[in-house]
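The next block holds one structure in the form of structure tokens; read it before the comments.
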Amino acid sequence: MNLILLGPPGAGKGTQAKMLEDKFGIAQISTGDMLRAEVKSGSEIGLRAKGIMERGELVPDEVITAMLKARVARPDCAKGFILDGFPRTAPQAASLDSMLKESGLKLDHVIELKVDDAALVGRISGRFSCAKCGVGYHDSFKQPAKAGVCDSCGGTEFSRRADDKAETVAARLEAYHRQTAPLLPYYAGQGKLKAVDGMASMAEVARQIGEILSGKA
Ligand code: AMP
């Protein structure tokens, strides 16, 4: 099963992608996570992407599509993948179409997480995650059960993304509306697009996605 989760930053794509990964054994591919790993390692791609990401702009299409092509060829994608944060532009969507065609694969669903812009700044600016295992938390919505200790791995160090600052969030939202939202009609035209209410609780969003995947919605 091959899926795309589409929606603005902070819509909950990463959270839902992780849940789908656990449930179906298909790989979550987050181009944002991949780029952050490149930045951390100080690679050539990382050096190129760092400033762009800090400004809330999009990394050039050719860098991203080369990265994605290598990623989907890895063995953990054999059962399928969930794209989280890709494609983000029309050329990326076109590259994905040809990549899938060349490999004899198809997209099963494109799921839009619909969220009000007004809610996103608050959602994003409170985010932090465990520095060791990456599990996500939020100042207002999801603190670790024991303050300062990760529920999942017991880690005691946490980090916040450099681009989750309020001023950068505005630029990321602008990039979403200008460059990524036009993909919604593109996938609707292919008959692949379904929407869920991204303002609902995590469990409810997961339920709505489950209905789509089982063909009930
Ligand atoms: P995300 O973690 O998906 O919010 O992505 C964080 C940042 O990484 C974005 O604001 C972009 O600068 C960059 N990025 C991630 N995915 C892409 C993509 N598909 N195309 C271009 N830039 C991307």
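Taking the options A78, A94, A73, name whichever one is modelled with pLDDT of 95 or more and over 13 Å from the mean Cα position of the chain (by Cα).
Details: A78 fails: modelled with pLDDT of 95 or more; A73 fails: modelled with pLDDT of 95 or more.
None of the others qualify; the one that does is A94.
How about region 162-180: which of its residues are in contact with a helix residue (DSSP H, G or I) (Cβ under 6 Å, 6 or more places away or on another chain) and either open to solvent by 60 Å² or more (accessible area, probe 1.4 Å) or near the ligand (Cβ under 8 Å from one of its atoms) (or both)?
Selection gives D163 alone.
Restricting to region 181-190, what's the tally of residues that are of a type in the set (A, V, I, L, M) and open to solvent by 60 Å² or more (accessible area, probe 1.4 Å)?
So the count comes out to 0.
Counting just the residues of region 1-30 that are within 8 Å of the ligand (Cβ to nearest atom) and not in a loop (DSSP other than H, G, I, E, B), which one comes out nearest to A66 (Cα to Cα)?
Of everything passing the filter in region 1-30, S30 is nearest to A66 (Cα to Cα).
Does A70 count as aliphatic (A, V, I, L, M), without any contact (Cβ under 8 Å) to a residue 24 or more places away in the chain and within 8 Å of the ligand (Cβ to nearest atom)?
No; evaluated as a whole, the condition is false for this residue.
From the list S129, S125, which residue is closer than 15 Å to K13 by Cβ, open to solvent by less than 70 Å² (accessible area, probe 1.4 Å), in contact (Cβ under 8 Å) with a residue 24 or more places away in the chain and among the polar types (S, T, N, Q)?
Only one candidate qualifies: S129.
Out of region 17-29, which residues are touching a residue at least 12 places away in the same chain (Cβ under 8 Å) and open to solvent by 10 Å² or more (accessible area, probe 1.4 Å)? Let's see the steps before the verdict.
First, the residues of region 17-29 that are touching a residue at least 12 places away in the same chain (Cβ under 8 Å): 17, 19-21, 24-29.
Hits for region 17-29 are M19, L20, E21, F24, G25, Q28.
Among the residues of region 132-161, count how many are modelled with pLDDT under 95 and either touching a Leu at 6+ places or on another chain (Cβ under 9 Å) or open to solvent by less than 50 Å² (accessible area, probe 1.4 Å) (or both).
The total comes to 5.
Name the residue that is most open to solvent (accessible area, probe 1.4 Å), counting only residues in region 191-217 that are over 19 Å from A118 (Cα atoms), out of contact with any strand residue (DSSP E or B) (no Cβ under 8 Å at 6 or more places or on another chain) and without any contact (Cβ under 8 Å) to a residue 40 or more places away in the chain.
Ranking the qualifying residues of region 191-217, first place goes to K216.
The values are calculated or read from the model by the stated rules, or taken from the named source; none is laboratory data. Everything numeric here is computed off the predicted structure, so don't read it as measured data. Counting neighbours? That spans all protein chains shown, and the Cβs are built from the backbone with ideal geometry, glycine included. The protein model used for the area step is the full one, side chains on, heavy atoms only, and it has no ligands, DNA or RNA in it. Shrake-Rupley method; radii C 1.70, N 1.55, O 1.52, S 1.80 Å.
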